[in-house]
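The structure appears right after this line, and notes come after that.
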Amino acid sequence: MTVFDEIAAVIRGNESFALASHIGPEADALGSQLALRLILEALGKEAFVVCRDPVPQSLRFLAGSNKVVLPRELVNTPIDVWFVLDCGDLSRVGEEVHRLVADHPMIINIDHHQGNPRFGQINCVEDQPSTTVILYRLARHLGLTITSPLADCLYAGIVADTDSFRNANVSSAVLQVAAQLLEQGADSREISIQLYERRRPRELRLIARVLSEAQFDDGIIWGSISQEIFHDTGTGANDAERLVEELRATDGIRVAVLFKELNHRRVKVSFRAKDHVAVNGIARVFGGGGHAQAAGCLVEGELEEVERRVLDELRRRLVAKGDHAG
Ligand SMILES: [Mn+2]
């Protein structure tokens, strides 16, 4: 019996499902949740997509994104099975959802992060470019027709987690899945517009400012957004999600780092690697995680102090390990 057979049996034997993913939802997280909701509904099941955070504007084109519920809305709802999607660790769902899911007798963990601790009763952890690739395979296993709204959700996750088919995780296999999804009606151009071409003018100002002040040495490029810059430009921590990729697009660098100063003395740090450097190792040192080419962490401390600590550690690793920061 394969893990897909096990999941299929649990789906068939139960009626109500809750689908969680990580806080700060992006296209693979929410795409996975919404895709699985469509899959479960096609099988006549009831499924709630739950998230602590609001759906970002750029993902509101995905079918069902207007039906995402807050954790507190599920407190008194009997749930037979919890799915946790695209979470390298159960804590990634955020405290509010964690309280609901942690002691549940049936958690199905579907993920593609290396080192996932297999926190579920059923664990489907595969080395795939996106979690939506796994859900595509599950949908096929269940014998379902891939409708165009489902294809959009799945394709959006692939586009996001391959960074538009640019990361090292792009394989012939994932391109074949993407091709299948286009045949099933995924709107590739519309998804690209929604994910990458919906910047607000104030966000453009923020990006211009950070790029013009970026610093680089030793193969590392970094930029910082202080609370003051957010304030001056009228933007917030959820803006400029792709800025770190802009930094990476500079010649001669190996790792790009973006520091965002949040409130309460916390700094969100995002890493993107070029060539063969792996950055999830350094993210783990500071309590975070992610993939070889894209990782992040949340560090307590003042902005400048966090910058210094992270950059020192990164330099040390780049020198010590030659090709591998991880
Ligand atoms: Mn993912």
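Values in this text are rule-based calculations from the coordinates and carry no lab data. It should be emphasised that the depicted structure is a prediction, and the values quoted were computed from it without experimental measurement. Here Cβ is always computed from backbone atoms with ideal geometry, including for glycine, and neighbour counts include all displayed protein chains.
Here are some notes:
- One decimal place: the segment Leu175-Arg12 gains 55.6 nm when fully extended, by the rule 0.36 nm per residue minus the C-alpha distance.
- Label-point separation in nm, His98 to Thr2, each point 7 Å along Cα→Cβ: 3.4
- Both radii come from the Cα set of segment 201-320: Rg as radius of gyration, Rh as Kirkwood radius; their ratio Rg/Rh reads 0.94.
- 0 to 90° range, to nearest 10: angle between helix 3-12 axis and the chain longest Cα axis: 60
- Around the Cα centre of segment 3-196, unit charges on the Cβ atoms of Lys, Arg, Asp and Glu (plus for the first two, minus for the last two) sum to a dipole of about 180 debye.
- Unit charges at the beta carbon, dipole of the chain: most positive-side option, His231, Met106, Ala179: His231
- Rg ratio for segment 56-105: its Cα radius of gyration over 2.2 N^0.38 Å, N being its residue count, equals 1.27.
- Other residues lying with their Cβ under 9 Å from the Cβ of Ile282 contribute a combined charge of +1, Lys and Arg counting +1, Asp and Glu -1.
- Placing a label point 7 Å from the Cα of Glu304 along the Cα-to-Cβ direction, the residues of segment 248-278 whose backbone N falls under 20 Å from that point are 258-269.
- Over the chain: helical MRE at 222 nm, DSSP H runs n ≥ 4 each giving -39500 (n - 2.57), nearest 500: -12000 deg cm²/dmol
- A simple charge model with +1 on the Cβ of Lys and Arg, -1 on the Cβ of Asp and Glu and nothing else charged puts the dipole of the chain at about 120 debye relative to its Cα centre.
- Positive-pole candidate from Leu90, Gly120, Ile191, dipole of segment 3-196, charges at beta carbon: Ile191
- Taking every C-alpha pair closer than 8 Å and separated by at least 6 residues, the mean separation divided by the residue count of segment 3-196 gives a relative contact order of 23 percent.
- Across the options Leu62, Phe271, Phe4, the greatest Cα extent toward the positive end of the charge dipole of the chain (unit charges at beta carbon of Lys, Arg, Asp, Glu) belongs to Phe271.
- Note on segment 201-320: with charges restricted to the Cβ of Lys and Arg (+1) and Asp and Glu (-1), its dipole about the Cα centre is near 380 debye.
- Gaussian network model of the chain, Cα within-10 Å springs - most flexible of Asn167, Asn263, Asn109: Asn263
- The local environment of Ala151, defined by Cβ-Cβ distances under 13 Å, has a net charge of -3 under the rule Lys, Arg +1 and Asp, Glu -1.
- Across segment 179-186, rounded Karplus estimates of 3J(HN,Hα) from the backbone phi angles (6.51 cos²θ - 1.76 cosθ + 1.60, θ = phi - 60°) give 4, 4, 5, 5, 5, 8, x, 4 Hz, Gly and Pro being marked x.
- Comparing Asp251, Asp53, Asp89 in a Gaussian network model of the chain, where Cα atoms under 10 Å apart are tied by springs, the biggest mean-square fluctuation is seen for Asp251.
- Taking 12 Å as the cut-off, the amide N atoms of segment 24-57 that come nearer than this to a point 7 Å along the Cα-to-beta-carbon line of Ala63 belong to 34-43.
- Gained length - Glu213 relative to Arg166, 0.36 nm times residue gap less alpha-carbon distance: 14.3 nm
- Compactness index (Cα Rg / 2.2 N^0.38 Å), the chain: 0.99
- Residue among Ile193, Ile39, Ile122 with the largest mean-square fluctuation in a Gaussian network model of the chain, springs linking Cα atoms under 10 Å: Ile193
- Based on Cα contacts under 8 Å between residues 6+ apart, segment 230-326 shows a relative contact order of 22 percent.
- Spatially, segment 67-97 and segment 255-326 are offset by 28 Å when compared through their Cα centroids.
- Axis of helix 201-212 versus longest Cα principal axis of the chain: the two differ by about 50°, to the nearest ten degrees.
- Whole-Hz ³J(HN,Hα) from phi, Karplus 6.51 cos²θ - 1.76 cosθ + 1.60, for segment 19-33, glycine and proline x: 10, 10, 9, 7, 5, x, x, 10, 5, 6, 5, 5, x, 5, 4
- Spatially close lysines, pair count over the chain: Cα under 21 Å, gap of eight or more or interchain: 4
- Label-to-label distance for Arg137 and Asp89 is 2.5 nm, based on points extended 7 Å past Cα in the beta-carbon direction.
- Net charge of neighbours whose Cβ lies under 13 Å from the Cβ of Lys45, counting Lys and Arg as +1 and Asp and Glu as -1: -2
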